[in-house]
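Heads up: the structure comes next, in structure tokens.
The values are calculated or read from the model by the stated rules, or taken from the named source; none is laboratory data. All of these numbers come straight from a predicted model, not from anything done at the bench. Note that we place each Cβ from the backbone using ideal geometry, even for glycine, and neighbour counts take in every protein chain shown. Remember, those area values only see protein heavy atoms, side chains included, never the ligands or the DNA or RNA. Shrake-Rupley method; radii C 1.70, N 1.55, O 1.52, S 1.80 Å.
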Amino acid sequence: MAGSAEAFDFAPKKVATQRRSRETVNALVEACTRLLPELGFAGTTTNHIAERAGVGIASLYEYFPGKDAIVAQVAERLVQRVLSRLAEGSPSVLAAPASDAFRLWIELIYVTVERERDLVAVFSHQVPYTNRLEPIRTIGRTLLEFSQELRRHAGGRVREDLSNATLHLVINLVTSTILQLVHNPPADVTHRELLDELTRRVEQWMRAEGS
């Protein structure tokens, strides 16, 4: 991975507090969000971002030290969208019959990742410091907390003796499989077959006896 930790400045220069300044920052972040899948990380420049946002380059540098700080904001909002969609879909998962709940949970994750596939691909394969970004570094812990909350509301359908280590393994299995399925699907297996098999594996680990 190129560069050192000191080579990247991820912090904004200042926090936008006024409506006009917030609109400018939002325009810059949204512009970067659209440009990264179009031009790639290396091809996206601050000039491109300012032009797409419809603001002067001086305004960009008023709020951000450079492209990396804007990319960090894109990552933060990406993680927020993913977690928000999982939270919005979780009541339907919890309300489903036990025979359907695990599949609906995995389907929810798949649909959420698929919806962001182009941007996720940029962070997975192009951004050289993805794992140094705080939202990315903490998403594992956040997903663990999310899974623990689902377990608490699962009404006895999930084993009570699941350790955090087991939940981490389940999260890693599900997310890595779905990321591969979205970005590099196998030629000899359909996505439906792979999700069915993933569901069976997760159920073997997590389903409570008799549920």
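Do we have R34 as in contact (Cβ under 8 Å) with a residue 24 or more places away in the chain, farther than 20 Å from R20 by Cα, of a type in the set (K, R) and in a helix (DSSP H, G or I) here? Outline the logic, then answer.
Values: in contact (Cβ under 8 Å) with a residue 24 or more places away in the chain: no; farther than 20 Å from R20 by Cα: yes; of a type in the set (K, R): yes; in a helix (DSSP H, G or I): yes.
No: the conditions fail for R34.
Any residue in the range 25-33 that is more than 21 Å from L119 (Cα to Cα) and of a type outside the set (K, R)?
Let us first name the residues in the range 25-33 that are more than 21 Å from L119 (Cα to Cα), namely none.
Scanning the range 25-33, I find no residue that is more than 21 Å from L119 (Cα to Cα) and of a type outside the set (K, R), so the answer is no.
Against the definition (β-branched (V, I, T), on the phi < 0 side of the Ramachandran plot and surrounded by fewer than 18 Cβ atoms within 10 Å (Cβ to Cβ)), how does T17 come out, yes or no? Quick ask: steps written out before the conclusion?
Numbers: β-branched (V, I, T): yes; on the phi < 0 side of the Ramachandran plot: yes; surrounded by fewer than 18 Cβ atoms within 10 Å (Cβ to Cβ): yes.
Criteria met by T17.
For the range 201-211, enumerate the residues that are among the acidic types (D, E) and either at pLDDT 90 or above or open to solvent by less than 70 Å² (accessible area, probe 1.4 Å) (or both). Before the answer, list the steps.
Going residue by residue through the range 201-211, those that are among the acidic types (D, E) are 203, 209.
Selection gives E203 alone.
So that you can scan it fast, the table gives a plain yes or no per residue for (1) open to solvent by 40 Å² or more (accessible area, probe 1.4 Å); (2) in contact with a strand residue (DSSP E or B) (Cβ under 6 Å, 6 or more places away or on another chain); (3) free of Cβ contacts under 8 Å to residues at least 24 places away in the same chain; (4) charged (D, E, K, R):
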position	(1), (2), (3), (4)
F64	no, no, no, no
K67	no, no, no, yes
I106	no, no, no, no
Y110	no, no, no, no
V122	no, no, no, no
P128	no, no, no, no
T138	no, no, yes, no
L143	no, no, no, no
*Name the residues in the range 180-200 that are surrounded by 16 or more Cβ atoms within 10 Å (Cβ to Cβ) and touching a residue at least 24 places away in the same chain (Cβ under 8 Å), would you?*
L181, V182, L195, L198, T199
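Looking at the range 145-178, which of the residues that are of a type in the set (K, R) and touching a residue at least 40 places away in the same chain (Cβ under 8 Å) is most open to solvent (accessible area, probe 1.4 Å)? Before the answer, list the steps.
Keep residues of the range 145-178 that are of a type in the set (K, R), which gives 151-152, 157, 159.
Cutting the leftovers down to touching a residue at least 40 places away in the same chain (Cβ under 8 Å) gives us 157, 159.
On the way: R157: 38, R159: 79 Å².
Out of the qualifying residues, it is R159.
For the range 84-101, name all the residues that are under 20 Å from the mean Cα position of the chain (by Cα) and either within 12 Å of L150 (Cα to Cα) or open to solvent by 70 Å² or more (accessible area, probe 1.4 Å) (or both). Break it down stepwise before answering.
Filtering the range 84-101 for residues under 20 Å from the mean Cα position of the chain (by Cα) gives 84-91, 93.
Passing the criteria: L86, A87, E88, G89, S90, P91, V93.
Hey, can you tell me all the residues within the range 51-77 that are assigned to a helix (DSSP H, G or I), aliphatic (A, V, I, L, M) and more than 25 Å from the chain's Cα centre (by Cα)?
In the first step, residues of the range 51-77 are kept if they are assigned to a helix (DSSP H, G or I); the result is 51-53, 57-63, 67-77.
Next, from what is left, pick out any that are aliphatic (A, V, I, L, M): 53, 57-58, 60, 69-72, 74-75.
Within the range 51-77, I57, A58, L60 meet the criteria.
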_A87 vs. criteria in contact (Cβ under 8 Å) with a residue 40 or more places away in the chain, touching a Lys or Arg at 6+ places or on another chain (Cβ under 6 Å) and either under 30 Å from R152 (Cα atoms) or of a type outside the set (A, V, I, L, M, F, W, C) (or both)_ = no
_Failed item in (1) within 23 Å of H183 (Cβ to Cβ); (2) outside any helix (DSSP H, G or I); (3) of a type in the set (D, E), with D9 passing the rest_ = (1)
*asked:* Just to be sure I understand, how many residues within the range 3-56 are touching a Lys or Arg at 6+ places or on another chain (Cβ under 6 Å), among the small types (G, A, S) and modelled with pLDDT of 95 or more?
replied: 1
